[in-house]
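Every read-out reported here was derived from the displayed coordinates using simple, explicitly stated rules and does not represent laboratory data. Values in this document were obtained by computation on a predicted structure and should not be read as measured data. In this analysis, Cβ positions are derived from the backbone assuming ideal geometry, glycine residues included, and neighbour counts consider all displayed protein chains.
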Amino acid sequence: MGKVLMKGNEAIALAAVKGGCDAFFGYPITPQNEIPEFLSKYMNEHGKVFVQAESEVAAINMVYGAAGSGVRAMTSSSSPGIALKQEGISYIAAAELPCLIVNVMRGGPGLGGIQPSQADYKQITRGGGNGDYQVIAFAPENLQETVDVVKESFEIADFYRNPVMIAVDGLIGQMMEPVDLDRPIRKRNLEEKKWATTGQSTGENRRIVTSIHLDPYDLERHSMKLFAKYQKIKENEQRYELINMKDAQFIIVAYGSMSRICRSSIELLSEQGIKVGMIRPITIWPYPKKAFDEIPASVKGILCAELSTGQMIDDVLISNNGRWKVNFFGRTGGVLPEPEEIVEAIKKMMGEV
Amino acid sequence: MNMNSQKVTIAGFGGQGVMMIGQMLAYAATEENMHTLWFPSYGPETRGGTANCSVTISKKEINSPVFAKADTVIALNLPSYMKFAPKVQQGGILLYNESLITNPIQPEGIRVIGVPINDIAIKLGNPKVANMVIMGAYLELTHLFSEEAIVKVLKKLLGKGKEHLIDINIEAIKAGREHILKTRGQSC
Amino acid sequence: MNQIVYKKTKGLTDTELSYCPGCTHGIIHKLIGEILEELNVIDRSIGVASVGCSVFSYYYFNCDMQQAAHGRSCAVATGIKRSRPDSIVFTYQGDGDLGSIGIAEAIHAANRGENITVILANNAIYGMTGGQMAPTTLIGQKTTTSQAGRSEALHGLPMKISEIFAQIPKAAYVERVSLHNPQHVLKAKKALKKAFTYQMEKKGFTMIEFISTCPVNWGMTPNEALKWAKESMIEYFPLGVYKDSGDEHE
């Protein structure tokens with residue numbers, strides 16, 4: 001299948017449909033409006049569900065309802081709207097329901113700006129909602145990867161009965177690149193959704209979707225069940241890419257658009273005889289700790305580069321576990337650095353080690 | 001002219017058709033199986049405000065979407081000219097809208113070429129095709145794509161209901177090319 | 001000798017408005033500024049900006065302003081008015097901000113009888129985010145999320161906001177006005193004056209709904225937009241006073 005030039009948001013919408021999305025619930029917010037706009041037409045034309053909800057809070061609760069009734073449901077929003085959805089996401093994770101949440105990240109905090117950012121990292125990985133839960137979170141760096149992971153997300157969500165979030169910065173949502181929407185994805189061994197409220201059962205067989213566990217021992221049992229699931233996900237679902245690791249003197253850790261910018265930085269450094277590699281997380285939860293075990297002995301330091309004032313840095317420090325010096329480079333507010341800025345950050349590190 | 005990769009920034013105010021110019025280049029690149037990346041940058045206002053987009057066209061996979069300096073900057077209004085003139089690579093091209101920008105500062109080491117796109121478009125009978133005039137000028141200066149390739153993209157983009165606009169847009173592209181051919185030798 | 005017959009109200013700053021050509025936000029801003037000036041309350045007013053095209057209204061009104069999250073202006077205004085009861089507090093919201101995400105906050109502010117004035121610019125669309133369907137989008141009206149036109153079956157009927165608020169006991173004054181010609185602009189100004197006056201007299205919650213235009217997202221010229229507002233919007237959203245507690249006795 002040939003490649004088609006598409007805007008990130010449109011590619012996300014089409015990929016979701018190809019991944020089997022039955023229902024979309026959303027609300028307007030810059031910079032992801034092309035997703036609900038595309039789906040408002042597509043879903044209605046194909047007998048599927050589309051609702052522009054009255055708010056992001058309402059939308060995530062519609063997702064909860066649809067997912068609870070056994071269909072593949074999704075929503076999309078941007079940072080301040082994702083903040084509104086946290087209660088709903090906690091409920092969905094607690095009730096062990098699958099769904100896809102797309103976050104096209106913009107500058108914050110508060111209303112912030114509309115330009116790209118990665119300042120939702122903590123909101124995504126440290127749970128913005130209450131209780132012991134996690135969302136499985138992907139942070140693709142280009143449109144092809146985004147399309148592939150959106151398609152796969154419904155399989156993963158159904159397999160683990162957990163919300164999956166795909167976090168792209170606003171640049172990825174707005175940029176256009178050629179994509180192949182029909183690349184095959186890994187299918188999982190999925191069981192029938194015997195827990196879903198399909199409106200066909202009574203008595204002992206009836207299905208109840210809830211997150212209430214008033215007895216503390218019961219709630220502990222439930223939380224430990226979720227905990228065991230998350231351990232399994234951490235073991236099996238870490239995804240990352242290693243770039244230019246051989247004989248590297250420094251390693252950059254970056255994801256999304258920042259990692260693409262850093263790829264150019266690595267080329268510029270190579271031209272100057274400085275060997276720099278990169279660990280590129282593709283999942284930000286579970287964090288790809290395993291990648292840090294593949295850092296070669298030649299490395300003298302790690303540079304964590306983010307579009308924020310430093311949120312992933314904590315996971316880098318944890319994964320590093322005291323082995324190497326760790327520096328931080330960040331631009332925030334929607335400002336995108338030029339590759340030369342990261343080159344300078346590496347050179348500064350060279351002077352320090 | 002390095003045909004391995006081209007970085008182009010197009011800037012103006014919302015409503016001047018800045019995005020379309022960049023997208024057309026990206027579509028043409030896709031048609032020819034090249035790597036390409038287009039992205040926009042704009043303020044929240046629907047009209048007025050500033051708008052710019054960047055396109056990279058390359059034979060290799062594209063790394064950073066953002067670049068410090070462009071091979072070509074196309075500036076459609078004065079604030080865009082002021083902002084992006086310093087961001088042209090040495091030996092690159094600064095192509096600007098002479099109808100709105102008169103006697104601008106000319107940075108050293110780059111080719112600075114003005115085209116009176118609004119005047120040309122008005123003369124053609126449709127002020128809205130000014131952006132295609134500068135597209136024509138760009139094609140004539142760089143030969144990045146043939147006129148046919150761009151017209152093919154134009155026809156696809158104009159789509160249903162807008163076929164009647166195809167001819168005037170093609171005329172605009174030709175007028176832009178002609179202007180460059182006529183004034184060649186007069187640019188610095 | 002030259003005589004000044006008209007000048008910009010002191011209720012507005014000198015900042016140039018960033019609204020699209022033909023947008024009626026500018027007129028509403030002017031009316032508010034003039035009323036605040038005429039009632040002599042500019043220096044004790046606090047406005048609450050919402051999220052929509054008017055997100056930067058805090059640059060234009062010449063009084064203290066707070067910016068609220070999308071839909072929360074009435075809650076923010078409640079916090080302000082309860083804390084500063086001698087201030088004149090108003091919100092400036094669109095049909096998406098108030099009618100969609102902010103409906104609960106607005107209804108409850110009205111229900112509690114908060115002494116605030118709510119200015120609702122109803123242009124039947126989400127303007128700033130590029131033209132999505134709003135609660136007040138008309139049947140058949142094409143928007144980016146109702147590309148085949150709003151349909152009753154899929155999307156329900158357009159929301160009649162003034163009518164809803166009129167039913168709330170502590171809503172003191174609710175009127176729907178239009179801006180499609182000078183006579184209506186003058187009538188709108190009178191309505192706005194009454195709303196603010198009721199606030200000063202501590203009569204309760206007041207709301208003025210302005211039938212507004214959005215030429216760019218409606219795909220019309222400014223003149224076409226005014227015509228459509230007059231012919232199509234007013235047909236579905238009749239102008240008039242929906243609630244006036246001044247008629248009632250305590």
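Among B:Val129, B:Val153, B:Val66, the residue with the largest mean-square fluctuation in a Gaussian network model of chain B, with springs joining Cα atoms closer than 10 Å, is B:Val66. Take each residue in A:171-180, count the other chain C-beta atoms within 10 Å of its C-beta, and the mean is 6.
Taking the three principal axes of the alpha carbon atoms in segment B:16-148, the coordinate ranges are 39, 33, 33 Å, sorted in descending order. Beyond 30 Å in Cα-Cα separation lie the following of the pairs B:Lys83/C:Lys8; A:Lys122/A:Lys194; A:Lys151/B:Lys59; C:Lys160/C:Lys227: B:Lys83/C:Lys8; A:Lys122/A:Lys194. Taking 18 Å as the cut-off, the amide N atoms of segment A:38-67 that come nearer than this to a point 7 Å along the Cα-to-beta-carbon line of B:Lys160 belong to A:38-47.
Here is the tail figure for segment A:240-352: Cα pairs spaced more than 16 Å apart come to 53 percent of all pairs. In summary, the convex hull built on the alpha carbon positions of the protein assembly as shown has an orientation-averaged projected area of 40.9 nm². Here segment A:94-116 is scanned for amide nitrogen atoms under 16 Å from the site 7 Å beyond the Cα of A:Thr309 along Cα-to-Cβ, giving A:107-113. Please enumerate, by chain and number, the aspartates and glutamates with C-alpha under 18 Å from the C-alpha of A:Lys246, excluding those fewer than 8 residues away in the same chain. A:Lys246 reaches A:Glu267, A:Glu271, A:Asp293, A:Glu294.
Within the listed set A:Asn205, A:Asn103, A:Asn244, the Gaussian network model of chain A (springs between alpha-carbon atoms below 10 Å) gives the highest mean-square fluctuation for A:Asn205. Using only alpha carbons, segment B:45-122 has a radius of gyration to Kirkwood radius ratio (Rg to Rh) of 1.00.
Within segment A:136-191, the GluC sites (Glu not before Pro) that combine a DSSP coil assignment with at most 14 other C-beta atoms in a 10 angstrom radius are A:Glu191. Looking at chain A alone, DSSP beta bridges between its own residues are antiparallel in about 25 percent of cases.
Note on B:Lys174: lysines with a C-alpha under 16 Å away, same-chain residues under 8 apart excluded, are B:Lys123, B:Lys128, B:Lys152, B:Lys155, B:Lys182. Using the Karplus relation 6.51 cos²θ - 1.76 cosθ + 1.60 with θ = phi - 60°, the per-residue 3J(HN,Hα) values for segment A:319-332 come to 5, 5, 6, x, 6, 10, 5, 10, 10, 10, 10, x, 10, 9 Hz, with x marking Gly and Pro.
Which values of log₁₀ I(q)/I(0), to two decimal places, follow from the Debye formula for segment C:1-71 at q = 0.13, 0.18 Å⁻¹ with a uniform point scatterer at every Cα? The computed values of log10 I(q)/I(0) come out as -0.39, -0.71.
DSSP assigns beta bridges within chain C; of those with both partners inside it, close to 20 percent run antiparallel.
At R0 = 51 Å, how high is the FRET efficiency between C:Lys142 and B:Ile122 if r is their beta carbon distance? Nearest 0.05 is fine. Before the final figure, lay out each step's value.
Working: r = 31 Å, r/R0 = 0.61.
The pair C:Lys142/B:Ile122 has a calculated efficiency of 0.95.
Taking the Cα centre of each part, how many Å lie between segment A:104-167 and segment C:13-78? Comparing the Cα centres of segment A:104-167 and segment C:13-78, I get a distance of 35 Å. Helix content alone sets the calculated 222 nm mean residue ellipticity of chain C: runs of n ≥ 4 DSSP H residues at -39500 (n - 2.57) each, divided across all residues, give -8500 deg cm²/dmol. For chain A, the pair-distance distribution built from all alpha carbon pairs, in bins 10 Å wide starting at 0, is 6, 25, 33, 23, 10, 3, 0, 0 percent.
A simple packing score, the average count of other Cβ atoms within 10 Å per residue, orders the peptides A:166-173, C:232-239, A:311-318 as A:166-173, A:311-318, C:232-239, with the highest score first. Overall, the ratio between the Cα radius of gyration of segment C:25-247 and 2.2 N^0.38 Å, rounded to two decimals, is 0.94. Students often forget the sequence filter, so: which aspartates and glutamates lie under 16 Å Cα-Cα from C:Lys190 once same-chain residues fewer than 8 apart are removed? Partners found: C:Glu34, C:Glu37, C:Glu38, C:Glu175, C:Glu209, C:Asp244. Here, segment A:43-141 yields an orientationally averaged convex hull projection of 7.0 nm² when only Cα atoms define the hull.
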